[in-house]
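Note sheet for the following structure.
The values are calculated or read from the model by the stated rules, or taken from the named source; none is laboratory data. Please read all numbers here as calculations on a predicted model, not as lab measurements. With ideal geometry, Cβ positions are generated from the backbone for all residues, glycine too; neighbour counts draw on all protein chains shown. The protein model used for the area step is the full one, side chains on, heavy atoms only, and it has no ligands, DNA or RNA in it. Shrake-Rupley method; radii C 1.70, N 1.55, O 1.52, S 1.80 Å.
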Amino acid sequence: MQVRLIDLMGVLSRALDLVSRMLGNHHVHVGFLAARFAGRLGMDAATQRDVLLAGMVHDAGAIALHTALESLAFERDLYTHARAGQLLLDNCPGFEGVSWMVGEHHTPWDVLRERDSGSLGLGANIINAADFVDVRLRRHKPYAVQFADVAASAKREAGRLLNPDCVEVFRELVAEHGALDGLYAPASHLYTDAEERMEQEYLGCEDVVRLCSPFAQVIDFRSRFTATHSRGVAVVAEDLARAVDFSLTEQRTMHVAGLLHDIGKLAVPGSILEKPSALEDAEFAVMREHARISGEILGNVAGLELVCQWAGQHHERLDGTGYPFGLRGEAISLGARIIQVADVFTAITEDRPYREGMRPEAAAALLRRQADARVLDPEIVCLLLERMDDLNCAREREQQKARDEFERFSGGLRNLRH
Ligand SMILES: [Fe+2]
Ligand SMILES: [Fe+2]
Ligand SMILES: [Fe+2]
């Protein structure tokens, strides 16, 4: 598997923007604006790359925080969500500068310059300024007619909250006809300034896994019911892929598909994800949309074709009763059948706050019934049952690990607040 870093980040950035319509492409916009500012300020290519990537995911912490610290509203505690993002990104390969900038993206210029006046500090100032601009742009009005007012607000904050150089660059861009037009189609214009470097930076399988793991946590942490689900599905699906003799690369690709299969859930409102009682029909229809959205958001990215296919079909069923397309039999690829079995197995055996997971015997009986009814693939179910004990242990271990990480994440944040 070879995926261009900028393409994968585009997927993750767009996924974060699904969480609220009010965000209206906020991450993609901030990435775009930040890259423009960095280019104009003459930063070197490596730092421009960090600024662009940090802008694209800068508020990831705010989304994961919802479950970690119940009382926290989105922007009420700016410092905490910035740190949360830094904690999430800390273990991503080659993201040292990126995670630092994310952690400081709300630190006022006059505070940060006391600590760091180097290029990382400037990078964080740039994200702060780009964020300042974008949250002030109303989505229902043409941006061009709003720029003058936003520039005036920015000028009032120059030298305190905002870096005066960033404000100056914004004013220059506003004055230049068409310089900010990319905001109307930001995804396609994202990488012009940091272009050369970003065009060439490819991730192999292991780096994709390491970059996607924290984002699986962002997906899972939105609901305490399923706070470790994707991690469980990833290890079960990978093991089944090994059992059907998929190549090593395909096995790791399956792991990535497991991590991202529910990425479309970022578009499902928290009130539905966290509803303690059964869903109404209309709510269930919204919930079901997540499978289609997973497929869509992972689509058209070179290198992620299989991830997209397997994740996008994770709720299809052999007998045609699944969704979103109601595919049947041979129309469903072997990889997708594996994810389906791994998803069902993980869902029924994992503990959830309102019920304990099924014991292995009960889970085996349920899977057998679904195989007999040709809902799930009988051969995959058979393979799973043969290795049930080992697989169940591996699933439990991985989900425990994810729970520990979640505890460390929320514990680390609680300490910050005291
Ligand atoms: Fe923020
Ligand atoms: Fe933001
Ligand atoms: Fe799902």
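Quick notes on this structure:
- Residues in the range 152-168 that are assigned to a helix (DSSP H, G or I) and open to solvent by 10 Å² or more (accessible area, probe 1.4 Å) were compared, and the one that is farthest from Asp116 (Cα to Cα) is Ala152.
- Hits in the range 256-299 - residues which are assigned to a helix (DSSP H, G or I), of a type in the set (D, E, K, R) and closer than 21 Å to Pro214 by Cα: Lys265, Glu296
- Neighbours by Cβ (under 9 Å, 6+ apart or cross-chain): first from the range 105-121, open to solvent by 70 Å² or more (accessible area, probe 1.4 Å); second outside any helix (DSSP H, G or I): Arg113/Asn163; Arg115/Glu104; Arg115/Thr107
- Complete set of residues in the range 188-224 that are modelled with pLDDT of 80 or more and surrounded by fewer than 20 Cβ atoms within 10 Å (Cβ to Cβ): Gln200, Glu201, Tyr202, Gly204, Cys205, Glu206, Asp207, Arg210
- Residue that is closer than 30 Å to Leu273 by Cβ and free of Cβ contacts under 8 Å to residues at least 12 places away in the same chain, where the choices are His177, His140, His229: His140
Table: residues versus (1) open to solvent by 20 Å² or more (accessible area, probe 1.4 Å); (2) assigned by TED's automatic domain parsing to the domain that holds Ser277; (3) part of a helix (DSSP H, G or I).
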| site | (1), (2), (3) |
| --- | --- |
| Gly322 | no, yes, no |
| Leu327 | yes, yes, no |
| Glu330 | yes, yes, yes |
| Gly335 | no, yes, yes |
| Asp343 | no, yes, yes |
| Ala362 | yes, yes, yes |
| Val375 | yes, yes, no |
| Lys401 | yes, yes, yes |
| Ser410 | no, yes, yes |
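- Residue within the range 271-289 that is open to solvent by less than 30 Å² (accessible area, probe 1.4 Å), touching a His at 6+ places or on another chain (Cβ under 8 Å) and away from ligand 2 (no atom under 16 Å from the Cβ) present: no
- If you go through the range 294-312 and pick out every residue that is within 17 Å of Leu240 (Cα to Cα) and either in contact with a Phe, Trp or Tyr (Cβ under 8 Å, 6 or more places away or on another chain) or open to solvent by less than 20 Å² (accessible area, probe 1.4 Å) (or both), you end up with 3.
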